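Reviewing the structure listed below.
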Amino acid sequence: MPVCKRDKIVAGNWKMNKTPSQTRSFIQQLDPMLEGVKGCRVVLCVPFVDIPAAAEKAGQYSVGAQNMHFEKAGAYTGEISAEMLTDLGVEYVIIGHSERRRDCAESDVSVNKKIIAVFENGMTPILCVGESQEQRDRGVAEEFIGLQIREALCGLTEELAGRLVIAYEPIWAIGTGKTASAKDAQDMCALIRAKVRQLYGDKTAESTHILYGGSMNGRNAPELLTCPDIDGGLIGGASLNPEDFIKIVRSAAL
Ligand code: 13P
(Lines give C-alpha, C1' and ligand atoms only; values in the text may rest on other atoms or scores of the structure.)
Protein backbone atom coordinates (compact mmCIF):
# COMPACT_ATOMS: atom_id res chain seq x y z
CA MET A 1 0.00 0.00 0.00
CA PRO A 2 1.43 3.44 -0.88
CA VAL A 3 2.47 5.48 2.12
CA CYS A 4 0.85 8.87 1.86
CA LYS A 5 1.46 11.60 4.39
CA ARG A 6 -1.81 13.36 5.01
CA ASP A 7 -1.64 16.69 6.82
CA LYS A 8 -3.99 17.15 9.75
CA ILE A 9 -7.18 19.22 9.67
CA VAL A 10 -8.68 20.73 12.79
CA ALA A 11 -12.04 22.30 12.02
CA GLY A 12 -14.25 24.17 14.46
CA ASN A 13 -18.00 23.87 13.97
CA TRP A 14 -19.47 26.81 15.84
CA LYS A 15 -23.04 25.66 15.12
CA MET A 16 -25.48 28.48 16.06
CA ASN A 17 -23.08 30.41 18.25
CA LYS A 18 -21.43 33.87 18.15
CA THR A 19 -22.40 37.18 16.58
CA PRO A 20 -20.18 38.97 14.03
CA SER A 21 -18.70 41.15 16.83
CA GLN A 22 -17.96 38.07 18.95
CA THR A 23 -16.37 36.49 15.87
CA ARG A 24 -14.00 39.45 15.51
CA SER A 25 -12.94 39.25 19.13
CA PHE A 26 -12.43 35.44 18.88
CA ILE A 27 -10.23 35.90 15.80
CA GLN A 28 -8.26 38.65 17.48
CA GLN A 29 -7.34 36.18 20.22
CA LEU A 30 -6.86 33.09 18.05
CA ASP A 31 -4.89 34.52 15.14
CA PRO A 32 -1.65 35.27 17.07
CA MET A 33 -1.84 31.83 18.70
CA LEU A 34 -1.71 30.22 15.25
CA GLU A 35 1.67 31.78 14.50
CA GLY A 36 4.16 29.03 13.64
CA VAL A 37 1.59 26.18 13.60
CA LYS A 38 2.74 23.65 10.97
CA GLY A 39 1.35 20.45 9.48
CA CYS A 40 -2.22 21.29 10.45
CA ARG A 41 -4.92 23.08 8.49
CA VAL A 42 -7.19 25.09 10.75
CA VAL A 43 -10.75 25.74 9.58
CA LEU A 44 -13.44 27.82 11.26
CA CYS A 45 -16.95 26.78 10.17
CA VAL A 46 -18.99 29.72 11.34
CA PRO A 47 -22.64 30.79 10.93
CA PHE A 48 -23.35 32.45 7.57
CA VAL A 49 -23.62 35.96 9.04
CA ASP A 50 -20.19 35.60 10.70
CA ILE A 51 -18.39 34.69 7.48
CA PRO A 52 -17.34 38.25 6.48
CA ALA A 53 -15.93 38.88 9.99
CA ALA A 54 -14.10 35.53 10.01
CA ALA A 55 -12.75 36.13 6.51
CA GLU A 56 -11.16 39.48 7.42
CA LYS A 57 -8.04 37.84 8.84
CA ALA A 58 -8.13 34.46 7.09
CA GLY A 59 -4.71 33.18 6.06
CA GLN A 60 -3.42 31.20 9.02
CA TYR A 61 -6.86 29.59 9.07
CA SER A 62 -9.54 28.98 6.45
CA VAL A 63 -13.19 29.88 6.66
CA GLY A 64 -15.89 27.24 6.35
CA ALA A 65 -19.69 27.27 6.23
CA GLN A 66 -22.02 24.78 7.93
CA ASN A 67 -24.40 24.11 5.04
CA MET A 68 -25.43 25.39 1.60
CA HIS A 69 -28.04 24.71 -1.09
CA PHE A 70 -27.13 22.54 -4.06
CA GLU A 71 -28.88 24.70 -6.66
CA LYS A 72 -27.00 27.59 -8.26
CA ALA A 73 -29.70 30.24 -7.63
CA GLY A 74 -33.44 30.72 -7.69
CA ALA A 75 -36.61 30.66 -5.63
CA TYR A 76 -35.22 29.02 -2.47
CA THR A 77 -36.20 31.37 0.33
CA GLY A 78 -33.72 31.45 3.17
CA GLU A 79 -31.07 29.41 1.38
CA ILE A 80 -27.44 30.20 0.53
CA SER A 81 -25.67 29.18 -2.69
CA ALA A 82 -22.13 27.99 -3.32
CA GLU A 83 -21.34 31.12 -5.32
CA MET A 84 -22.37 33.33 -2.39
CA LEU A 85 -19.93 31.44 -0.20
CA THR A 86 -16.97 31.46 -2.59
CA ASP A 87 -17.47 35.19 -3.15
CA LEU A 88 -16.81 35.66 0.57
CA GLY A 89 -13.69 33.48 0.55
CA VAL A 90 -15.22 30.31 2.01
CA GLU A 91 -13.07 27.21 1.33
CA TYR A 92 -14.87 24.42 3.22
CA VAL A 93 -18.52 23.51 3.73
CA ILE A 94 -19.83 21.03 6.30
CA ILE A 95 -22.39 18.80 4.60
CA GLY A 96 -24.84 16.40 6.21
CA HIS A 97 -24.19 17.15 9.88
CA SER A 98 -26.37 14.86 12.01
CA GLU A 99 -28.14 17.90 13.51
CA ARG A 100 -29.26 18.92 10.01
CA ARG A 101 -30.17 15.36 9.08
CA ARG A 102 -32.29 15.24 12.26
CA ASP A 103 -33.77 18.77 12.33
CA CYS A 104 -33.91 19.76 8.66
CA ALA A 105 -34.73 16.41 7.03
CA GLU A 106 -31.38 16.39 5.23
CA SER A 107 -31.33 13.18 3.15
CA ASP A 108 -28.52 11.15 1.61
CA VAL A 109 -29.74 12.37 -1.78
CA SER A 110 -29.50 16.07 -0.90
CA VAL A 111 -26.16 15.42 0.82
CA ASN A 112 -24.87 13.91 -2.41
CA LYS A 113 -26.09 16.86 -4.51
CA LYS A 114 -24.53 19.31 -2.08
CA ILE A 115 -21.16 17.54 -2.12
CA ILE A 116 -21.06 17.72 -5.90
CA ALA A 117 -22.05 21.42 -5.85
CA VAL A 118 -19.36 22.23 -3.26
CA PHE A 119 -16.69 20.62 -5.47
CA GLU A 120 -18.02 22.26 -8.64
CA ASN A 121 -17.45 25.59 -6.97
CA GLY A 122 -13.87 24.85 -5.98
CA MET A 123 -14.50 24.34 -2.26
CA THR A 124 -13.97 21.26 -0.08
CA PRO A 125 -16.89 19.43 1.52
CA ILE A 126 -16.62 18.07 5.05
CA LEU A 127 -19.08 15.19 4.89
CA CYS A 128 -20.45 14.11 8.27
CA VAL A 129 -21.43 10.50 8.93
CA GLY A 130 -22.11 8.64 12.14
CA GLU A 131 -24.40 6.21 13.89
CA SER A 132 -26.88 6.68 16.72
CA GLN A 133 -26.56 4.91 20.07
CA GLU A 134 -29.45 2.69 19.09
CA GLN A 135 -27.73 1.64 15.85
CA ARG A 136 -24.52 0.95 17.72
CA ASP A 137 -26.38 -1.17 20.28
CA ARG A 138 -28.07 -3.15 17.52
CA GLY A 139 -24.69 -3.80 15.86
CA VAL A 140 -25.61 -2.05 12.59
CA ALA A 141 -23.30 0.98 12.89
CA GLU A 142 -20.81 -0.26 10.30
CA GLU A 143 -23.47 -1.13 7.78
CA PHE A 144 -25.24 2.20 8.30
CA ILE A 145 -22.09 4.26 7.84
CA GLY A 146 -21.10 2.25 4.77
CA LEU A 147 -24.46 3.11 3.27
CA GLN A 148 -24.19 6.81 4.19
CA ILE A 149 -20.82 6.94 2.43
CA ARG A 150 -21.92 5.09 -0.66
CA GLU A 151 -24.94 7.36 -1.11
CA ALA A 152 -23.05 10.56 -0.37
CA LEU A 153 -20.27 9.77 -2.84
CA CYS A 154 -22.57 8.60 -5.64
CA GLY A 155 -21.25 9.83 -9.00
CA LEU A 156 -18.11 11.40 -7.51
CA THR A 157 -14.91 10.91 -9.51
CA GLU A 158 -11.85 9.26 -8.01
CA GLU A 159 -10.01 12.57 -8.06
CA LEU A 160 -12.74 14.38 -6.09
CA ALA A 161 -13.20 11.52 -3.63
CA GLY A 162 -9.49 11.83 -2.84
CA ARG A 163 -9.98 15.50 -1.97
CA LEU A 164 -12.99 14.87 0.24
CA VAL A 165 -12.94 15.33 4.00
CA ILE A 166 -15.14 12.88 5.90
CA ALA A 167 -15.93 13.45 9.56
CA TYR A 168 -16.89 10.42 11.62
CA GLU A 169 -19.22 11.84 14.25
CA PRO A 170 -21.03 9.23 16.33
CA ILE A 171 -24.30 10.92 17.30
CA TRP A 172 -24.05 9.65 20.87
CA ALA A 173 -20.75 11.48 21.32
CA ILE A 174 -21.89 14.89 20.05
CA GLY A 175 -22.25 17.47 22.80
CA THR A 176 -22.54 14.75 25.43
CA GLY A 177 -19.02 14.79 26.86
CA LYS A 178 -18.97 11.07 26.01
CA THR A 179 -16.06 10.80 23.59
CA ALA A 180 -15.51 7.58 21.62
CA SER A 181 -12.45 5.74 22.92
CA ALA A 182 -9.40 6.18 20.72
CA LYS A 183 -9.71 2.52 19.72
CA ASP A 184 -13.38 2.80 18.72
CA ALA A 185 -12.77 6.06 16.85
CA GLN A 186 -9.74 4.56 15.05
CA ASP A 187 -11.67 1.38 14.16
CA MET A 188 -14.56 3.35 12.66
CA CYS A 189 -12.26 5.74 10.77
CA ALA A 190 -10.36 2.73 9.39
CA LEU A 191 -13.67 1.23 8.34
CA ILE A 192 -14.60 4.45 6.53
CA ARG A 193 -11.22 4.41 4.76
CA ALA A 194 -11.83 0.77 3.80
CA LYS A 195 -15.18 1.77 2.31
CA VAL A 196 -13.52 4.53 0.26
CA ARG A 197 -10.90 1.95 -0.81
CA GLN A 198 -13.60 -0.47 -1.88
CA LEU A 199 -15.27 2.25 -3.97
CA TYR A 200 -12.20 4.01 -5.40
CA GLY A 201 -9.05 2.01 -4.71
CA ASP A 202 -5.93 2.44 -2.61
CA LYS A 203 -4.60 5.73 -3.89
CA THR A 204 -7.86 7.60 -3.25
CA ALA A 205 -8.37 5.97 0.15
CA GLU A 206 -4.91 7.09 1.21
CA SER A 207 -5.54 10.71 0.31
CA THR A 208 -9.08 11.16 1.68
CA HIS A 209 -8.98 12.94 5.04
CA ILE A 210 -11.01 11.35 7.81
CA LEU A 211 -11.69 13.35 10.96
CA TYR A 212 -13.19 12.38 14.29
CA GLY A 213 -15.87 14.55 15.91
CA GLY A 214 -17.77 14.20 19.17
CA SER A 215 -16.74 15.80 22.46
CA MET A 216 -13.13 16.21 21.35
CA ASN A 217 -11.20 18.53 23.67
CA GLY A 218 -7.69 19.49 24.71
CA ARG A 219 -7.40 16.46 27.00
CA ASN A 220 -8.53 13.67 24.69
CA ALA A 221 -7.21 15.16 21.42
CA PRO A 222 -3.55 14.00 21.76
CA GLU A 223 -4.54 10.32 21.92
CA LEU A 224 -7.22 10.53 19.22
CA LEU A 225 -4.97 12.47 16.87
CA THR A 226 -2.15 9.95 16.95
CA CYS A 227 -4.39 7.15 15.61
CA PRO A 228 -3.25 6.22 12.09
CA ASP A 229 -6.62 6.71 10.39
CA ILE A 230 -7.68 9.86 12.24
CA ASP A 231 -6.51 12.87 10.24
CA GLY A 232 -7.88 15.55 12.52
CA GLY A 233 -11.01 16.66 14.32
CA LEU A 234 -14.33 18.40 13.82
CA ILE A 235 -14.87 20.25 17.06
CA GLY A 236 -18.10 21.71 18.41
CA GLY A 237 -18.11 22.99 22.00
CA ALA A 238 -14.33 23.18 22.41
CA SER A 239 -13.98 25.35 19.29
CA LEU A 240 -15.87 28.25 20.86
CA ASN A 241 -13.06 29.33 23.13
CA PRO A 242 -9.67 30.19 21.58
CA GLU A 243 -7.72 28.73 24.54
CA ASP A 244 -9.53 25.38 24.28
CA PHE A 245 -9.39 25.28 20.51
CA ILE A 246 -5.66 26.03 20.24
CA LYS A 247 -4.87 23.09 22.55
CA ILE A 248 -6.45 20.75 19.99
CA VAL A 249 -4.67 22.50 17.12
CA ARG A 250 -1.34 22.11 18.94
CA SER A 251 -1.93 18.38 19.47
CA ALA A 252 -2.46 18.01 15.73
CA ALA A 253 0.43 20.24 14.61
CA LEU A 254 3.94 18.97 13.91
P1 13P B 1 -19.03 18.59 20.20
O2 13P B 1 -17.53 18.73 20.00
O3 13P B 1 -19.64 19.75 20.92
O4 13P B 1 -19.38 17.26 20.75
O5 13P B 1 -19.68 18.65 18.72
C6 13P B 1 -19.16 17.85 17.72
C7 13P B 1 -19.79 18.25 16.45
O8 13P B 1 -20.98 18.05 16.24
C9 13P B 1 -18.94 18.90 15.45
O10 13P B 1 -19.56 18.98 14.23
Condition check: among the β-branched types (Val, Ile, Thr), within 17 Å of the chain's Cα centre (by Cα), under 13 Å from residue 11 (Cα atoms) and open to solvent by less than 40 Å² (accessible area, probe 1.4 Å). Does residue 192 satisfy that?
no
Kindly check whether there is at least one residue in segment 71-79 that is outside any helix (DSSP H, G or I), farther than 20 Å from residue 237 by Cβ, modelled with pLDDT of 95 or more and of a type in the set (A, V, I, L, M).
yes
May I ask you to verify whether residue 131 is under 23 Å from residue 112 (Cβ atoms), assigned to a helix (DSSP H, G or I), in contact (Cβ under 8 Å) with a residue 40 or more places away in the chain and not hydroxyl-bearing (Ser, Thr, Tyr)?
no
Is segment 42-56 home to any residue that is without any contact (Cβ under 8 Å) to a residue 60 or more places away in the chain, over 29 Å from residue 152 (Cβ atoms), open to solvent by 10 Å² or more (accessible area, probe 1.4 Å) and not basic (Lys, Arg)?
yes
For segment 229-248, enumerate the residues that are under 28 Å from residue 197 (Cα atoms) and buried (at least 20 other Cβ atoms within 10 Å of the Cβ).
230, 231, 232, 233, 234, 235
Which listed residue is more than 14 Å from the ligand (Cβ to nearest atom), more than 20 Å from residue 67 (Cα to Cα) and at pLDDT 95 or above, from 151, 142:
142
Scan segment 105-125 and report the pairs whose first residue is of a type in the set (Asp, Glu) and whose second residue is open to solvent by 30 Å² or more (accessible area, probe 1.4 Å) and assigned to a helix (DSSP H, G or I), with Cβ atoms within less than 8 Å and a gap of 6+ or a chain change.
106/100; 108/147; 108/151
So which residues in segment 61-78 are farther than 9 Å from residue 90 by Cβ, surrounded by 15 or more Cβ atoms within 10 Å (Cβ to Cβ) and among the polar types (S, T, N, Q), if there are any at all?
66, 67
Quickly run through segment 134-159 and pick out the residues that are touching a residue at least 40 places away in the same chain (Cβ under 8 Å), open to solvent by 30 Å² or more (accessible area, probe 1.4 Å) and not in a helix (DSSP H, G or I).
154, 155
Output yes when any residue across segment 79-94 is within 16 Å of residue 152 (Cα to Cα), in contact (Cβ under 8 Å) with a residue 60 or more places away in the chain and open to solvent by less than 10 Å² (accessible area, probe 1.4 Å), and no when none is.
yes
Residues (farther than 20 Å from residue 38 by Cα, in a helix (DSSP H, G or I) and within 16 Å of the ligand (Cβ to nearest atom)) located in segment 195-254
237, 238
Criterion (assigned to a loop (DSSP other than H, G, I, E, B), under 29 Å from residue 59 (Cα atoms) and among the small types (Gly, Ala, Ser)) met by exactly one of 162, 122:
122
Looking only at segment 197-228, which residues are touching a Cys at 6+ places or on another chain (Cβ under 8 Å) and farther than 25 Å from residue 155 by Cβ?
212, 213, 227
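The values are calculated or read from the model by the stated rules, or taken from the named source; none is laboratory data. Not measured: the values here are computed from a predicted model. We place every Cβ from the backbone using ideal geometry, glycine too, and count neighbours over all the protein chains shown. Side chains are part of the model used for accessible areas, which takes the heavy atoms of the whole protein and leaves out ligands, DNA and RNA. Shrake-Rupley method; radii C 1.70, N 1.55, O 1.52, S 1.80 Å.
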